[in-house]
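Comments concern the structure below.
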Amino acid sequence: MSYLNSESENESHLLNVIVSLQAQELQCDVNRTKNKNISEFKQIDAKIDQQLTENHNALKQIPEVYSNVLERIKFAQGKIKSCKEKIDRCKTSLQCQREDLKRLYLDSVTNGQILDLLARIDKVREVSGVLDNYIKHKHYQHATRLLKTNVALLEGNLSSVDALKDIKEELKKRKDTLHLELIQQLQNHLYLKASSAKEKVQLFRSGEPPEMDNEEEYEDEEEDLTKDPEEDTYKFLKLLIQSLQQLDRLDETEELDQVLEKNMESELRSILNNTAQDLLYKKRLTDQIDNQPTLFPELLEECFAKYRAVAASHHVVINAIEHLRFSSQANRYSNSRVWSNIQTCVEFLLRDYLAVDEDVTSQTLNTAPISYVAAKNDMSVFFARSGRRPEKVQSSLFSFESSATGLTRSSECRTQQYNSDTAATAYELPALCHKSPHNITLVFKQITNFIREINNVINMTGTQLIPLQHFLNEFVDNKFLPTLQGKVKKDIAEATEGNSGLNMVKLPANKIGWPRPLLQGTLKVQEELAELRSLMNRMPKYCNKFLDIIYEVLKSYKRICHNTFSNIVGINVIGATQTVCHIWFKDEKLKQTIRELPAWKDIFKGGLEEQTSTHANLVAAISTHLGKDILDKDAMIADGERLIQLAQLQDSINWLIQYVDSFVENLQRDKELQDQLTGSNMKLLEDCRNLLNERMSELLQLAEDCLMILYLEIRVQCYYHLLIVLRKQEYKVDMVNSDPDSGVTLLNKFLSQLEEKIRDFLPASHTKFLFEGLGYIMSGIIISNASYIKEINNGGLKKMSRNILALQQNLTNITLTHELELERAGFYYELLYQKPEEILRNIVEQQKRFTKSEYVELIQLYYRSNRHSKNNNKRSEKQLNLHLVKLNEIMENESESSGEEKSNGVDLC
């Protein structure tokens, strides 16, 4: 545009110089002006040479500066390489020292375990029948009381009996054995029993901890020998804690805490793996297809339910320990520790199914450090595909692992299978669905609700985030949103690449709410917007982020549409001739005249404003761009397919604008979404809606430009063909042909074919606007170019009437209205059948139907067509002048009489 502006300024300056030279009457003034211009030119030329010299010197200095910078970079690279080698040597030395320390530590641990094992082996003895019976039926409270009583007796009154030393040692060893069994039962009921009975547990969902009994009820808890103690899981857990307290093991804080926390992660991981395997087996039994996206939410919901049950069981145990423990030492085993380990398992489950570690460094999505997670229990090793598989057992003749019986096996079988060697066995987590960051959209609300439950349970306050919340925020911000934005850009680029974006897609009207085919690229943009709208419902917290992506999508789409528009029209196309319609399009006055037409207002403004422009104003505005030369054929959009593409682009943009308008309106009415947003997010949402409205205004302007180019190009075609017909054809003919001129035939063919094709891609109101007023345009062209007709006779008048009739019939078939303006053009040339005196008499008697200039051209054409000899020419010129003077008097009288009528009308009012 700057180039065009500078070019227009140079042209205007040149025109001013020419005008000033023409205005000089004396030769000396002309020479003075000429010398002044030459002097200014030399000064400018000298300035240009000076600028070139200065820039040349600066350019010579660039290679020297570049070489100095390159040498400094090479020197710095050498220093960096030297530092890197030193660091590698230090790293190797530290590695050797760490291996030595690790070897010594492992030796000491091994020796300690061997000594402890030897001590336990020395104390092994058989237990009594009664103790065996209690333990067999899991009446541990009675067993511990019996054992404690006997040990106290042997250490008390019977301590001096040497024969009972062996029994005393045996009971002490049984005490240790019973303690281990109590711990094992506690582990089983905390994980396997609790997770299998998850349907009966509805804990922590509302943020309220389970109701616990008071201290007196703990002291008076007694087991019934006639009932199964495992019927009530919570009561059985309390009895186990009381049994540990009777064994005097409850106050050993460090030992108990280590025992309870030792296998917590591995047990939680086993629950995760078992749940995934069971879900996979059930789906296969019911002939469900693998890798369904819905399986991941099911797996997560199952794990959450089981983890809630496990947390509830731990809560019961923790409260029981709090009531029975008398040690002042702080309890390391707490609800926070349990939920921390649960969060770790959930996080690594999400890492696996969300493909977090694919193409992303560990620092990008690294969560906050968790002090309680030991490096040796890293779950990435547990879930590794190359991890150690379970030892292969001897296969039987028949396998029932996928049968209903196998799926419903008893908890004892599960205990034997999963607790035999948990620390040494790794399970491969089955793939229930395709692992992708997009899976977060399926489970985001589940995870958010679960995080809210955890916050309520552990009373998290302020801005501090739990590890799972931190991981979720980091993943969405650093992995999911960039991946989503990249996918959207890639999909739109593929859909709009090359000519594929101009491919039309015809979909059912009830599916897209549009009766006409749309561009493939536009449909792809709509699909992406619909998907982002769905994500806003699934992930309302990131509503503003999705709106930012939508804004970028619309910005990219607007740029693509603008480039397509420029290519069709020939704007900024290298080697392309500037089209006439584009030149007219740059005329703001002409565009404003079109915008003020009633049909334009009906389309874009609802037709509420009064008519402020007519087709006469339009003809006058176009006439400023016309000269004596005929329009260049290369300066038109001759290919009708390009006009059809322009119509397709305009209609597709209109459809997308309506969709986005309903999209924004739906956002404003979505109370559920607004209820989930905070005050700051609501303000950001409003700002994003305003930005979308601005982007829609730009697209609407582009749609208007497409329609205006179509409107102008149709009229350019009319001018091109009709000017050829009027200025190049001979109208003094003897033989009368029944067919219209070829230019009229070509114009009619162009208009009819264009209307036939374009009505399939534009609404009726747009098609009506494009062809409305063409009769006025054609009539104006035919009448205003009478001066270019050299001579005309009766045969030429018949030829002119035939051309006008052909145009009128074709326009009537297109617009389905009677084109009266073309009848006016026909009447204009029919006046040539009369003599000038009769023409002037008709003006007086029937009032004028044409302008003064049109009557002048008509009378001059009459006299040009009736010249015979030089004497007649002189006589004709005198008569012509007399008729023109008479015409001037008649037109002045008409204007005066019309002015008096107007003034009289004002007085009467």
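Compared with the alpha-carbon gap, the fully stretched path from ARG689 to GLU11 is longer by 239.5 nm at 0.36 nm per residue. Taking all protein chains together and rolling a 1.4 Å probe, ILE792 ends up with roughly 20 Å² accessible. Using the Cβ-Cβ distance between ASN881 and LEU805 with R0 set to 45 Å, the FRET efficiency from 1/(1 + (r/R0)^6) comes to roughly 0.80.
Solvent-accessible area of the range 20-70 (1.4 angstrom probe, protein heavy atoms only): carbon and sulfur portion equals 57 percent.
Surface calculation, 1.4 Å probe, protein heavy atoms: THR177 sits at approximately 80 Å² accessible. Residues of the range 525-550 with an amide N closer than 15 Å to a point placed 7 Å from the Cα of ASN449 along the Cα-to-Cβ direction: 538-540. Spin-label model, LYS86/SER336: points 7 Å from Cα along the beta carbon direction are separated by 4.4 nm. For the pair ARG727 and LYS227 in one chain, pulling the backbone fully straight at 0.36 nm per residue adds 168.4 nm over the alpha carbon distance. Among the protein heavy atoms of the range 682-799, carbon and sulfur supply 51% of the accessible surface, probe 1.4 Å, non-protein parts ignored.
The values are calculated or read from the model by the stated rules, or taken from the named source; none is laboratory data. These numbers come from a predicted model, not from an experiment. Ideal geometry is used to build each Cβ from the backbone, glycine not excepted, and the neighbour counts take in all protein chains shown. Surface areas here come from the heavy atoms of the whole protein model, side chains and all, with no ligands, DNA or RNA. Shrake-Rupley method; radii C 1.70, N 1.55, O 1.52, S 1.80 Å.
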